[in-house]
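Asks: Questions regarding the structure given below will be posed in turn.
The numbers here are math on the coordinates, done by the rules we state, and not lab data. Nothing here was measured: the structure is a model prediction, and the numbers come from that model. Here the Cβ is made from the backbone with ideal geometry for all residues, glycine too, and neighbour counts use every protein chain on show.
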Amino acid sequence: MKYGEKEIREFDINREENYWPNQHKKNYTINIELPEFMCLCPRSGYPDFATIRLSYVPDEKVIELKALKLYINSFMYKHISHENSANDIYDTLYTKLKPKSMKLIADFNPRGNVHTIIEIDSAHN
C-alpha cells in the first residue's frame, strides 16, 4: 500500500487536531468545493463521482482543509448510496464543528441517465 492510500484509509475525522479554533467573532462564510468525491455503489460496486460543496458560518471551530480532503477521499473505499454519503458528511461535520449555519450540496455525475443532487441545509432542519 502506498503512503497516500495508508493515510486515507487510517484517517479519523473525529480527532480534535482536525479542528482549529475560529479566531474571528464576526459572521463570515467559508465556501469549499471538493470536485473529486468518489464512493462505490452499494449494489453494483461501480464508482460514483460527485462535486461536494460545503458552505458554513463557523462558531468556535473551523476544519483544517487537509483533514477535510482526507475525510472526503476516504469515501472512495466505501460502498454507500448518494443519500447516505451526503448525510454522513453533513452529520459528521455539523456535529464536530457546531457551526452557526451549514449547507452541503452533493452534485453527483449522471450515471444511467440519472443526475442526483442532494442538498442539506441547517436552515431547514
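Asks: Can you tell which of Thr29, Thr95 is surrounded by fewer than 17 Cβ atoms within 10 Å (Cβ to Cβ), without any contact (Cβ under 8 Å) to a residue 24 or more places away in the chain and among the β-branched types (Val, Ile, Thr)?
Replies: Thr95
Matching residues to (1) in contact with a Pro (Cβ under 8 Å, 6 or more places away or on another chain); (2) at negative phi:
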| position | (1), (2) |
| --- | --- |
| Asp59 | yes, yes |
| Asn87 | no, yes |
| Thr92 | no, yes |
| Gly112 | no, no |
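Asks: Now for a separate question. Report yes if some residue within region 67-84 is in contact with a Phe, Trp or Tyr (Cβ under 9 Å, 6 or more places away or on another chain) and farther than 27 Å from Glu5 by Cα; otherwise report no.
Replies: Scanning region 67-84 turns up no residue that is in contact with a Phe, Trp or Tyr (Cβ under 9 Å, 6 or more places away or on another chain) and farther than 27 Å from Glu5 by Cα.
Asks: Quick check on my filter: what residues within region 55-99 are of a type in the set (D, E, K, R), part of a helix (DSSP H, G or I) and over 19 Å from Asp12 (Cβ atoms)?
Replies: Glu83
Asks: So if I check each of Asn18, Asn22, which one is over 25 Å from His124 (Cα atoms), surrounded by 13 or more Cβ atoms within 10 Å (Cβ to Cβ) and either under 13 Å from the mean Cα position of the chain (by Cα) or not hydroxyl-bearing (Ser, Thr, Tyr) (or both)? Break it down stepwise before answering.
Replies: On the way: Asn22 fails: over 25 Å from His124 (Cα atoms).
Result: Asn18 is the single residue among Asn18, Asn22 that is over 25 Å from His124 (Cα atoms), surrounded by 13 or more Cβ atoms within 10 Å (Cβ to Cβ) and either under 13 Å from the mean Cα position of the chain (by Cα) or not hydroxyl-bearing (Ser, Thr, Tyr) (or both).
Asks: For Ile13, indicate whether it is among the hydrophobic types (A, V, I, L, M, F, W, C), outside any strand (DSSP E or B) and surrounded by 10 or more Cβ atoms within 10 Å (Cβ to Cβ). Steps first, please.
Replies: Working: among the hydrophobic types (A, V, I, L, M, F, W, C): yes; outside any strand (DSSP E or B): yes; surrounded by 10 or more Cβ atoms within 10 Å (Cβ to Cβ): yes.
Yes; evaluated as a whole, the condition is true for this residue.
Asks: Taking region 41-65 as the region of interest, how many residues are over 15 Å from the mean Cα position of the chain (by Cα) and either exposed (fewer than 11 other Cβ atoms within 10 Å of the Cβ) or over 17 Å from Thr92 (Cα atoms) (or both)? Can you show your working first?
Replies: Let us first name the residues in region 41-65 that are over 15 Å from the mean Cα position of the chain (by Cα), namely 41-47, 57-61.
With either exposed (fewer than 11 other Cβ atoms within 10 Å of the Cβ) or over 17 Å from Thr92 (Cα atoms) (or both) added as a condition, the list becomes 41-47.
Qualifying residue count for the region: 7.
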